[in-house]
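This report concerns only the one structure given below.
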Amino acid sequence: MFGDTELWFVDDASSLAKTARELAKAPVIGVDTESDSFHHYQEKVCLIQFSDLERDYIVDPLSIPDLTPLEGIFANREQVKIFHGADYDILCMKRDFGFEIHNIFDTMIASQMAGQPRFGLADLIESFFGHHIDKQYQRHDWAKRPLRDEHIQYARGDTHFLLAIREILIRRLRQVGRLGHVREECRILERKKWEPREADPHKWLKTKKSQHLEPKALRVLRALWQYRDDQARRSDRPPFKVLPDFVLVRVAERQPTSEQELDKLFKGKTSMKKRYGRGMIQAVERGLADERPIPKPKRKKRKVRKGPPSRLTGQAAEAAMAELKRWRNEMTKRDALYTPITTASNATLKEIARVRPTTLEELAAIPDVRKWQVSDYGEEILEILDTHCPWPPKDAGEPKLAKKKKKKKKKSVS
C-alpha cells in the first residue's frame, strides 16, 4: 500500500533534528497525531506523524522530551500543513507542546465543500485510491511501548495519502468555486485556542441521570464520585473505565452497606464488583454520614455576545429562524452539493435571525457569518427576511407612552 516510500521512526533528539531539517524543505506536508484519551486519566499526544513527497515520518514524543525543532515547521506561514479533521489535533498539540500552527489545509472540510458524500479519511482513501483502511487501531492505547509493526503501519497511513488527497480536492474545489471557502475555514481553525477547564469541586453534580436523586442519595453520590476519581488517578485510567456513571447513580439510589446488598445490584461475579465493591460500600457509608449541604448547581456563565445587537427576540426570532431553515432545507433538496455545513449551520441561522440584518454589511458583521456565506447567499437571506420578517415591522406604529398611575388618596381616619 505504501510502495517503496521510506519510513523514518523518530525517537531521539538527533533524529528529530534531522527530520525537522528535511520537513523544512517541503512546501507541503501531511500531519496527524495519535493520543490516548480512552486509556489514561490525563490525555496526551503519543505520536506525531508527518509525510512529504519523499517519505513518511513517525515522531515519538514520549521518547523525546524536547520537541522544539518542530516549532518552526508548524509556525511557518509559507509551508502548507495538511490535516484531516484538524481541530482536535491542533488543540492537543497546543495543549501539550504550545505549538502555533499556520497555513492549514483540512481535507475533511475540503471534501465536504467539494460535495463528497462520505468524508472520513478512510472513505476518501478508498474512493480515490481503492485502498481499504482498517480502523481497528483507532482507539488503541498509543502510550504503550514498544509499538508493533501493525501499529506503525496504521499510524503512517493517516498522513501517507494526504498530499495526493489535497491535490484531488483542490481540483474539485476549483470546479465548484469553493477553494476560497476552504481557505477561510482553515484560517479560522488556526485561531483555535486550548483553554484549560476550570477546576469544579461540584463536578459530581453533572453525573448523568443524577438530577432525580434525593439529598441523601446525592451525598452518597458525592462520596462515590470522589472514590472513583481517586481510583482513576491512582490507576491512570479514565474515570468511566473505572466505574461508569450509571453504576454510581444506581449505587447512590440503593445505598448498599454490605456485600450481600451490593450483590443484589450486580448479577453474577463481575471484575468491577470484585475490584471496587468494598470501596463502594465504604463510600456509601461515608456519604450516609456526611451532613454537608448539597450545593446548588453552578450556573453557566453567560457568554458575552459579540457583534450587532438583537432586533428580534422571542416568537419573532423563532419565526425568522423557521423561514431561514426552510430556505436551507430547500437548498439541500435541490442539489447534493448543498448541505447544512456548506450553507449555514443552525447556530449561524439563529444568530442571523436574532440580529435580523437589513444590509450585506450588517450580515457580514455577525461573528458567526463567514465571508463566503455573505458572497454566496447574502442576497437570498436578506430577501427571505424582507419577505417574511420585514424591518421595521409593518404593524409597528409610534411607540406608546406609558400612562402615569394615579396615586390613590389615603382615606382619613375620623
Q: Within the range 184-203, track down each residue that is under 30 Å from V374 (Cα atoms) and outside any loop (DSSP other than H, G, I, E, B).
A: E184, E185, C186, R187, I188, L189, E190
Q | Top-ranked residue of the range 304-334 - restricted to ones that are in a loop (DSSP other than H, G, I, E, B) and either modelled with pLDDT under 90 or under 27 Å from the mean Cα position of the chain (by Cα) (or both), ranked as nearest to P393 (Cα to Cα) | A | P308
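Does the range 229-255 hold any residues that are under 20 Å from P215 (Cα atoms) and either of a type in the set (A, V, I, L, M) or in contact (Cβ under 8 Å) with a residue 40 or more places away in the chain (or both), and which are they? Explain how you work it out, then say what you get.
So in the range 229-255, the residues under 20 Å from P215 (Cα atoms) come out as 245-255.
Passing the criteria: V247, L248, V249, V251, A252, E253.
Given the criterion closer than 17 Å to F83 by Cα and not hydrophobic (A, V, I, L, M, F, W, C), identify the matching residue among D141, D134, D123, D149. So that I can check it myself, show each step before the final result.
On the way: D141 fails: closer than 17 Å to F83 by Cα; D134 fails: closer than 17 Å to F83 by Cα; D149 fails: closer than 17 Å to F83 by Cα.
One residue alone meets the criteria, D123.
Would the range 142-163 turn up any residue that is under 30 Å from V369 (Cα atoms) and either outside the structural domain of K44 (by TED's automatic domain parsing) or buried (at least 16 other Cβ atoms within 10 Å of the Cβ) (or both)?
Just the residues of the range 142-163 that are under 30 Å from V369 (Cα atoms), to begin with: 162-163.
In the following step, the residues that additionally are either outside the structural domain of K44 (by TED's automatic domain parsing) or buried (at least 16 other Cβ atoms within 10 Å of the Cβ) (or both) were identified as 162-163.
Taking every residue of the range 142-163 in turn, at least one turns out to be under 30 Å from V369 (Cα atoms) and either outside the structural domain of K44 (by TED's automatic domain parsing) or buried (at least 16 other Cβ atoms within 10 Å of the Cβ) (or both).
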Q: Considering each residue of the range 86-119, count those that are of a type outside the set (D, E) and either assigned by TED's automatic domain parsing to the domain that holds K333 or touching a strand residue (DSSP E or B) at 6+ places or on another chain (Cβ under 7 Å) (or both), and give that number.
A: 8
Q: Report, by residue number, each residue of the range 6-29 that is polar (S, T, N, Q) and out of contact with any strand residue (DSSP E or B) (no Cβ under 6 Å at 6 or more places or on another chain).
A: S14, S15
Q: Answer yes or no as to whether R250 is in contact with a helix residue (DSSP H, G or I) (Cβ under 9 Å, 6 or more places away or on another chain), part of a helix (DSSP H, G or I) and surrounded by 12 or more Cβ atoms within 10 Å (Cβ to Cβ).
A: no
Q | Within the range 149-174, tally of residues that are free of Cβ contacts under 8 Å to residues at least 40 places away in the same chain and of a type in the set (K, R) | A | 2
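Tell me the residue from E78, E71 that is closer than 23 Å to A26 by Cβ and without any contact (Cβ under 8 Å) to a residue 40 or more places away in the chain, please. Before the answer, list the steps.
On the way: E78 fails: without any contact (Cβ under 8 Å) to a residue 40 or more places away in the chain.
Just one listed residue meets the conditions, E71.
From the list T348, T358, pick out the single residue that is of a type in the set (S, T, N, Q) and closer than 18 Å to I188 by Cβ.
After applying the criteria, what remains is T348.
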Q: From D236, D200, D245, grab the single residue that is loosely packed, with under 14 Cβ neighbours inside 10 Å, at pLDDT 95 or above, over 30 Å from H102 (Cβ atoms) and acidic (D, E).
A: D236
(Q) For the range 111-132, give me each residue that is assigned to a loop (DSSP other than H, G, I, E, B) and either among the polar types (S, T, N, Q) or surrounded by 19 or more Cβ atoms within 10 Å (Cβ to Cβ) (or both). (A) A114, Q116, F119
Q: Name the single residue, out of those in the range 1-38 being of a type in the set (F, W, Y) and in contact (Cβ under 8 Å) with a residue 60 or more places away in the chain, that is farthest from Y57 (Cα to Cα).
A: F38
Q: Identify, by number, the condition in (1) within 17 Å of H181 (Cβ to Cβ); (2) assigned to a helix (DSSP H, G or I) that L337 doesn't meet.
A: (2)
Q: Please find, among M1, M108, the residue that is touching a Gly at 6+ places or on another chain (Cβ under 8 Å), surrounded by fewer than 22 Cβ atoms within 10 Å (Cβ to Cβ), among the hydrophobic types (A, V, I, L, M, F, W, C) and in a loop (DSSP other than H, G, I, E, B).
A: M1
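The values are calculated or read from the model by the stated rules, or taken from the named source; none is laboratory data. Predicted model, so just to flag it, every value in this text is computed and none were measured. Note that we place each Cβ from the backbone using ideal geometry, even for glycine, and neighbour counts take in every protein chain shown.
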